[in-house]
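Participant: Pasting a structure below so you can have a look.
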């Protein structure tokens with residue numbers, strides 16, 4: 001727990017002070033390192049990836065420290081004599097003096113932070129090489145990211161039955177990434193609303209299960225996604241199922257997306273998915289939708305703006321799907 005707390009504290013310090021900097025001659029992207037550390041905070045990095053992110057962060061901090069030394073040397077060369085002789089600093093010398101103080105402060109911080117980041121990386125590497133106890137300990141919640149690094153599908157499947165929906169959702173995503181077909185049945189069970197501990201799965205978990213299932217291009221999975229999309233047409237929950245069917249290039253997606261254009265909550269998303277699907281049947285669907293929209297423009301300004309936005313997105317989707325209308329018989 002102390003390792004976790006210290007990792008969180010140093011990660012927050014890096015993201016505050018270093019993620020937005022661009023030190024000279026550094027191949028690493030400080031913002032990318034910051035994003036990986038953000039994934040660490042979210043529990044999405046295992047110990048090996050964590051150690052790598054912390055070492056990269058230390059390299060960024062070292063590069064910032066080198067920049068600080070150069071900046072201090074430049075300021076001292078130009079203004080050092082004035083600063084050493086003056087009783088107080090004012091006028092045109094105030095800004096460079098304040099910059100000098102801020103740079104010295106950042107240099108001191110960097111000289112402290114870089115070794116701490118590397119020491120933490122060493123501890124996470126040692127943890128990565130540990131085979132017992134398992135990630136998360138014997139009694140604690142499973143460390144899904146560590147289980148992913150280890151490729152431990154057995155414990156990930158157990159995590160899919162955990163009481164915490166967040167842990168279950170992360171396990172679903174990881175099992176899909178690992179293409180663990182053993183996860184299909186429990187994932188389908190989540191869509192059916194079944195779980196071992198009584199309460200129905202929450203929306204976040206159901207969406208994670210739908211997105212995970214889309215990785216398995218099997219007929220029974222496609223059938224389940226079609227049922228789910230039909231059942232949730234009007235409650236904002238069919239988007240992931242529709243995207244999964246498009247990813248699987250399922251023929252039934254055209255009909256479902258056509259229904260969503262007319263009756264769903266996100267018609268612009270449905271138009272986008274029709275273009276992604278690439279099925280020529282979508283051309284007629286989009287043309288009919290655009291024709292109806294053009295003939296029914298509302299009078300109220302706010303409604304008109306929303307209407308025009310939907311119409312524009314539908315036209316863009318049609319242009320992607322049918323870039324040459326003349327060749328497809330339109331004119």
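Participant: So which residues in region 229-252 are over 19 Å from residue 179 (Cα atoms) and either in a loop (DSSP other than H, G, I, E, B) or at pLDDT 95 or above (or both)?
Facilitator: Restricting attention to region 229-252, the residues satisfying the condition of being over 19 Å from residue 179 (Cα atoms) are 229-239, 242, 250-252.
Correct list: 232, 233, 234, 235, 236, 237, 238, 250, 251, 252.
Participant: Right, here's the next one. Between 233, 245, 187, which is closer than 18 Å to residue 277 by Cβ and crowded, with 21+ Cβ neighbours inside 10 Å?
Facilitator: Working: 233 fails: crowded, with 21+ Cβ neighbours inside 10 Å; 187 fails: closer than 18 Å to residue 277 by Cβ.
Matching residue, one of 233, 245, 187: 245.
Participant: Check every one of the helices (runs of 4 or more DSSP H) wholly within region 154-228 and list those with 3 or more residues that are in contact with a helix residue (DSSP H, G or I) (Cβ under 9 Å, 6 or more places away or on another chain) and in contact (Cβ under 8 Å) with a residue 40 or more places away in the chain.
Facilitator: On the way: elements: 165-177, 184-191, 203-213.
Ranges flagged: 165-177, 203-213.
Participant: May I pose another question? Being touching a residue at least 12 places away in the same chain (Cβ under 8 Å) and part of a helix (DSSP H, G or I): is that true of residue 276 here?
Facilitator: Yes.
Participant: Filter region 82-113 for residues that are closer than 18 Å to residue 70 by Cα, surrounded by fewer than 17 Cβ atoms within 10 Å (Cβ to Cβ) and under 38 Å from the mean Cα position of the chain (by Cα) and give the result.
Facilitator: Within region 82-113, 99, 101, 102, 104, 105, 108, 111 meet the criteria.
Participant: Within region 302-331, work out how many residues are more than 24 Å from residue 250 (Cα to Cα) and either modelled with pLDDT of 85 or more or not in a helix (DSSP H, G or I) (or both).
Facilitator: First pass over region 302-331, keeping only residues more than 24 Å from residue 250 (Cα to Cα): 302-312, 324-327, 329-331.
Among the residues that remain, those that are also either modelled with pLDDT of 85 or more or not in a helix (DSSP H, G or I) (or both) are: 303-312, 324-327, 329-331.
The number of residues fulfilling the criteria is 17.
Participant: Which is more than 24 Å from residue 146 (Cα to Cα), within 19 Å of the chain's Cα centre (by Cα), crowded, with 18+ Cβ neighbours inside 10 Å and in the same structural domain as residue 121 (by the TED database), of 63, 53, 49, 19?
Facilitator: 19
Participant: Grab the helices (runs of 4 or more DSSP H) fully contained in region 1-85, keeping just those with 2 or more residues being closer than 19 Å to residue 99 by Cβ and modelled with pLDDT of 95 or more.
Facilitator: Correct list: 47-85.
Participant: Using the structure shown, decide if residue 232 is outside the structural domain of residue 323 (by the TED database), under 27 Å from the mean Cα position of the chain (by Cα) and without any contact (Cβ under 8 Å) to a residue 12 or more places away in the chain.
Facilitator: Criteria met by residue 232.
Participant: Taking the options 237, 231, 255, 301, name whichever one is closer than 29 Å to residue 162 by Cα and out of contact with any helix residue (DSSP H, G or I) (no Cβ under 8 Å at 6 or more places or on another chain). Show your work before the answer.
Facilitator: Details: 237 fails: out of contact with any helix residue (DSSP H, G or I) (no Cβ under 8 Å at 6 or more places or on another chain); 255 fails: closer than 29 Å to residue 162 by Cα; 301 fails: closer than 29 Å to residue 162 by Cα.
Of 237, 231, 255, 301, the one residue that is closer than 29 Å to residue 162 by Cα and out of contact with any helix residue (DSSP H, G or I) (no Cβ under 8 Å at 6 or more places or on another chain) is 231.
Participant: Residue 224: within 22 Å of residue 160 (Cα to Cα), modelled with pLDDT of 90 or more and surrounded by 17 or more Cβ atoms within 10 Å (Cβ to Cβ), yes or no?
Facilitator: Answer is yes for this residue.
The values are calculated or read from the model by the stated rules, or taken from the named source; none is laboratory data. Model, not experiment: these values are computed from the prediction. Note that each Cβ is placed from the backbone with ideal geometry, even for glycine, and that neighbours are counted across all protein chains shown.
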